[in-house]
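This report refers to the structure that appears directly beneath it.
The values are calculated or read from the model by the stated rules, or taken from the named source; none is laboratory data. None of these values were measured; they are calculated from a predicted model. Glycine also receives a Cβ, built like all others from the backbone with ideal geometry; neighbour counts cover every protein chain displayed. Only protein heavy atoms, including side chains, enter the accessible area calculation; ligands, DNA and RNA are left aside. Shrake-Rupley method; radii C 1.70, N 1.55, O 1.52, S 1.80 Å.
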Amino acid sequence: MTSELHLGQLIRFSADPFQEGIEAAEHVTSGAILVVDGTIAEVGGADALRKQHRDAKVHDHGSGLILPGFVDAHAHYPQTAMIASWGKRLIDWLNTYTFPEESRFQDPSYAQEIAGRYLDLLLAHGTTTVCTYCTIHPASVDAIFEAAEARGMRVFAGKTCMDRNAPDTLRDTAQSAYDVSKALLSRWHGRGRASYVITPRFSPTSTPEQLSALGALWAEHPDCLMQTHLSEQTEEITWVKGLFPEARDYLDTYEAHGLLGANGLYGHAIHLEPRERDRLREVGAALVHCPTSNTFIGSGLFDMDGLMAELHRIGLATDTGGGSSFSMLRTMAAAYEIAQLRGRALHPAELLWLATEGSARALRQDRIGRLEPGAEADFVVLDLASTPAIAQRSAVAETIWEALFPTIMMGDDRAIAQTYVMGIPSKK
């Protein structure tokens with residue numbers, strides 16, 4: 001048994017700050033976490049834990065801020081190499097950039113190259129858990145789970161399923177989507193820190209038969225998450241209504257085929273109708289806010305305040321590569337900017353909670369995204385003076401929130417002093 005004590009500033013949450021206020025966040029100026037064999041064993045004041053654990057190896061991070069590792073609740077790792085491609089509207093962007101790049105993942109060696117590159121970029125930016133779409137190719141699923149296993153990361157992923165409105169190189173069938181997804185689920189789900197996610201891309205690229213097949217698979221494995229897209233752009237919604245004329249709304253195209261449930265993750269969810277909001281809340285589904293993607297592709301402004309007031313579960317995500325950054329710091333900044341455009345300035349505590357425990361809750365996880373005894377020791381050490389511009393602003397801060405906010409708004413991978421996965425430092 002190995003014991004290691006990490007000293008620094010800490011921020012912990014006793015509750016959801018959106019519901020309980022920013023008082024739910026506790027700042028410990030001289031804190032410590034005790035890590036034993038990859039798990040957080042104790043959290044408290046530095047002096048007290050040093051006295052109690054004199055034999056523990058000590059890592060003194062000085063004024064560094066120790067936080068849970070960031071949790072990215074919606075991404076497309078196969079789009080790593082095409083991130084920041086000149087923007088068009090969603091459907092044109094998919095046809096011009098996304099589909100040609102995803103077609104390359106039929107080559108297992110290319111899938112392995114991008115999977116490793118992607119996870120290393122995440123770790124450099126302080127993200128320790130991601131929920132990602134793969135491509136239709138089984139090799140793309142194997143590649144991301146193998147890369148995650150090599151790095152000890154908790155990763156959620158699944159084969160993307162499409163049987164229409166996509167190139168021949170990216171189409172499967174209703175039956176093959178079911179069969180291959182089931183085989184991959186059997187191979188990976190629950191293996192180490194891997195979790196399989198049933199993954200219809202979105203209704204326009206799946207026939208009703210394929211949606212029903214994946215709904216049946218989910219019913220057989222209800223402990224799995226299911227991820228898809230919902231109401232990202234107005235043109236997309238019009239397209240869906242034309243493809244499913246019998247549906248009450250976009251959400252109904254999933255609900256009618258067994259793809260609405262408490263373990264569902266619905267990315268974007270910008271232009272929701274009242275019935276959709278009510279049903280998503282009733283079943284306890286999770287919505288995932290992807291702010292840099294929403295601005296980059298011009299999708300719209302997510303209703304964070306309204307949906308939180310309705311008690312929806314909401315996670316935060318980069319949506320790489322529609323999202324224009326691998327950084328959850330930049331993602332928090334974009335969430336702040338979008339909320340400002342809707343008339344409310346999100347507090348730094350709310351932003352931080354979204355990127356950690358909020359996203360973990362969206363993924364139905366209680367052992368990541370938190371600095372609490374029993375949690376897995378995925379955490380980051382944040383440098384609150386990582387650049388001259390940030391340093392000069394944080395130097396005059398009177399509270400931890402004033403010190404942290406410049407890093408949220410202007411920080412990048414330079415702000416990540418170190419990332420730890422199960423207590424083990426990643427390479428910097």
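Between region 170-185 and region 186-246, what's the alpha-carbon centroid distance in Å?
A separation of 12 Å, based on Cα centres.
Could you list the square roots of 5 times each eigenvalue of the Cα gyration tensor of region 1-104, that is, the equivalent ellipsoid semi-axes, sorted largest first and rounded to whole Å?
42, 19, 11
Just to verify a number: what accessible area does W401 come out at with the full protein assembly present, 1.4 Å probe, Å² rounded to tens?
The value for W401 is about 40 Å².
Specify the inter-centroid distance of region 16-43 and region 247-269, based on alpha-carbon positions, in whole Å.
Between the Cα centres of region 16-43 and region 247-269 lies a distance of 35 Å.
If you bin the C-alpha pair distances of region 273-328 every 5 Å from 0, what whole percents do you get?
Over region 273-328, the share of Cα pairs per 5 Å bin runs 5, 18, 26, 21, 16, 11, 2 percent.
Quick query: amide H of G264 versus all other amide H atoms, modeled in the peptide plane; which residues come in under 5 Å with a sequence gap of 5 or more or a different chain?
Residues meeting the amide H criterion: M226, A286.
Using r as the Cβ-Cβ distance of A345 and T399, and R0 as 22 Å, what FRET efficiency do you calculate, to the nearest 0.05?
Working: r = 15 Å, r/R0 = 0.70.
So the FRET efficiency works out to roughly 0.90.
So what are the ³J(HN,Hα) numbers for region 142-159, from phi and the Karplus equation (6.51, -1.76, 1.60; θ = phi - 60°), rounded to whole Hz, Gly and Pro as x?
Result, rounded to whole Hz: 4, 5, 6, 5, 5, 5, 5, 4, 5, 9, x, 8, 7, 9, 10, 7, x, 5.
Straight-line reach from K51: which aspartates and glutamates fall under 16 Å, measuring Cα to Cα and dropping same-chain residues less than 8 apart?
By straight Cα distance, K51 reaches E4, E42, D60.
Calculate the translational D of region 248-378 in whole µm² s⁻¹ from Stokes-Einstein, where the hydrodynamic radius comes from the Kirkwood formula applied to all Cα pairs, the temperature is 4 °C and the viscosity 1.567 mPa s. Please list the in-between numbers first.
Working: Rh = 15.2 Å.
Rounded to a whole number, D works out at 85 µm²/s.
Return the Cα extents of the chain along principal axes one, two and three, sorted largest first, each rounded to a whole Å.
65, 46, 39
Please report the Cα spread of region 74-176 along all three principal axes, rounded to whole Å, starting with the longest.
Here the Cα extents, ordered largest to smallest, are 36, 34, 22 Å.
Taking Cα centroids, how far is region 389-421 from region 319-378 in Å?
If you average the Cα positions of each part, the centres end up 16 Å apart.
Take the chain, connect every pair of alpha-carbon atoms lying under 10 Å apart with a spring to form a Gaussian network, then pick out the residue of S181, S359, S103 with the largest mean-square fluctuation.
Residue with maximal mean-square fluctuation among S181, S359, S103: S103.
Order 151-160, 53-62 from most to least packed using the mean count of other Cβ atoms within 10 Å. Each step should come with its number before you reach the end.
Values: 151-160: 25.4, 53-62: 13.5.
By packing density, highest mean first, the sequence is 151-160, 53-62.
What's the percent breakdown of Cα-Cα distances in region 176-315 across 10 Å bins, shortest bin first?
Whole-percent P(r) values from 0 Å outward: 12, 42, 35, 11, 0.
For the chain, give me the percentage of DSSP beta bridges that are antiparallel, rounded to the nearest 5 percent. Let's see the in-between values first.
Numbers: 27 of 63 bridges.
Among the beta bridges of the chain, antiparallel pairing accounts for roughly 45 percent.
Enter the accessible area per residue of the chain (Å², integer; probe 1.4 Å; all protein chains in place). Intermediate results must be reported in sequence, preceding the final value.
On the way: 15330 Å² over 428 residues.
Per-residue accessible area for the chain comes out at 36 Å².
Obtain the nm distance between the two label points defined at E310 and E273 by a simple spin-label model: each point lies 7 Å from its Cα along the Cα-to-C-beta direction.
In this crude spin-label approximation the distance works out to 1.3 nm.
I'm a student and want to see the number: the projected area of the Cα convex hull of region 53-103, averaged over all directions, in nm².
Dividing the Cα hull surface by four gives the mean projection, 7.1 nm².
Within the chain, what's the longest stretch lacking GluC sites (Glu not before Pro) that sit in DSSP loops with no more than 13 other Cβ atoms inside 10 Å? Don't skip to the answer; put the middle values down first.
Values: sites that count: E246, E310, E398.
Longest stretch, sites excluded: 1-245.
Kirkwood Rh over alpha-carbon pairs of region 243-293, then Stokes-Einstein at 25 °C and 0.890 mPa s: what D in µm² s⁻¹, rounded to an integer? List each step's numbers first, then the result.
Working: Rh = 11.5 Å.
Estimated via Stokes-Einstein, D reaches 214 µm²/s.
Roughly speaking, to the nearest percent, how much of region 360-428's 1.4 Å accessible area is carbon and sulfur? Present the calculation step by step, with values, prior to reporting the outcome.
Numbers: 1630 of 3110 Å².
That fraction is 52 percent.
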